[in-house]
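Novice: Please read through the structure below; I'll follow up with questions.
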Amino acid sequence: MKSIFDKRDFNYNRDITNHYYYTGIFNDEECELIKSLGGKGTMTEGLAGSIVRPGYRKSKIAWLPENKETEWLYEKLGILAKQANKICWNFDIIGFGEKLQYGEYSETNRGFYDWHLDMGKNSNWRKISISVQLDDENDYIGGDLQFYTKQTLTNAPRKKGSVIMFPSYLLHRVTPVVKGVRHSLVTWISGPPFR
């Protein structure tokens, strides 16, 4: 069968297996405010899929709904996601499909999250994953957000206030925290499922 397309019909200049990041987006005061907002919520065990899997993920999480206290956060992250999407992936996106998730990975239980994707059977609307670094990189040891693409392991930036964005189908993990506590904020930008 002869193709009705040729390579000029597609944008071959985009690497849709990459991550994108911004540094210095949130200052110290904003990072501390986010942590205090997260601390107000009910902390529960982090899930893997829809269940607690201690050998696969050890973290505490709380959900931050969009309200008067958090609307600035949703707005800021939404603008950044729109910019990153235009630069990197050009996905068909709509907006936030879920609440913001505040997380704590502690040395007390060697908090970690093993290799995983952020999308799957029950979350196929997720397009762009967002992770915000809320601590100074010297406040904890371990707790690296890592990506595995093209047979290469890459560490995401650890600088406090950085925002890391990546396609939700990218394989990634958080390595065990061996000293201190790593706090993060994660969320997902959604859109129609890939097809």
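Bear in mind that the values in this text are calculations on the coordinates, not laboratory data. What you are looking at is a predicted structure, and each value in this text was computed from that prediction instead of being measured. Cβ atoms come from the backbone with ideal geometry, glycine included; neighbour counts cover every protein chain shown.
Novice: Can you work out the FRET efficiency for the pair Glu45 and Leu171, with r the C-beta to C-beta distance and R0 = 25 Å, to the nearest 0.05?
Specialist: The pair Glu45/Leu171 has a calculated efficiency of 0.65.
Novice: Please give the calculated 222 nm ellipticity per residue for the chain, where each DSSP H segment of at least 4 residues contributes -39500 (n - 2.57) and the sum is spread over every residue; nearest 500 deg cm²/dmol?
Specialist: -5000 deg cm²/dmol
Novice: Report the label-to-label distance for Tyr148 and Asp92 in nanometres (one decimal), using points 7 Å from each Cα along the Cα→Cβ vector.
Specialist: The answer from the label model is 3.1 nm.
Novice: Give the shape of the chain as rounded, prolate or oblate, defined through the alpha-carbon gyration tensor: a ≥ b ≥ c are the square roots of its eigenvalues, a/c under 1.5 means rounded, and otherwise the shape is prolate if a/b is larger than b/c and oblate if not. Display every interim value, and only then the final one.
Specialist: Values: a/c = 1.73, a/b = 1.53, b/c = 1.14.
Judged from the Cα gyration tensor, the chain comes out prolate (a/c at least 1.5, a/b above b/c).
Novice: Kirkwood Rh over alpha-carbon pairs of the range 154-193, then Stokes-Einstein at 20 °C and 1.002 mPa s: what D in µm² s⁻¹, rounded to an integer?
Specialist: Reported coefficient: 169 µm²/s.
Novice: Counting only other residues whose beta carbon sits under 14 Å from that of Asp118, what net charge do I get with K and R as +1, D and E as -1? Please list the in-between numbers first.
Specialist: Numbers: positive: Arg57, Lys121, Arg126, Lys127, Arg173; negative: Glu98, Asp114.
Result for the local shell: +3.
Novice: Given 4 °C and 1.567 mPa s, compute D for the range 99-195 with the Stokes-Einstein relation, Rh being the Kirkwood radius over Cα pairs; round to the nearest whole µm²/s.
Specialist: For the chosen part, D equals 94 µm²/s.
Novice: Moving on to the next point. Helix 28-40 sits at what angle to the longest principal axis of the chain, using alpha carbons and giving 0 to 90 degrees rounded to 10?
Specialist: 80
Novice: Determine the sum of side-chain charges near Gln133: Lys and Arg each +1, Asp and Glu each -1, restricted to other residues whose C-beta is under 10 angstrom from that of Gln133.
Specialist: Around Gln133, the surrounding residues sum to +1.
Novice: Around Met43, what is the net charge, scoring Lys/Arg as +1 and Asp/Glu as -1 over all other residues with Cβ under 9 Å from its Cβ? Numbers along the way, then the final one.
Specialist: Details: positive: Lys60; negative: Glu45, Glu104.
Charge balance in the 9 Å sphere: -1.
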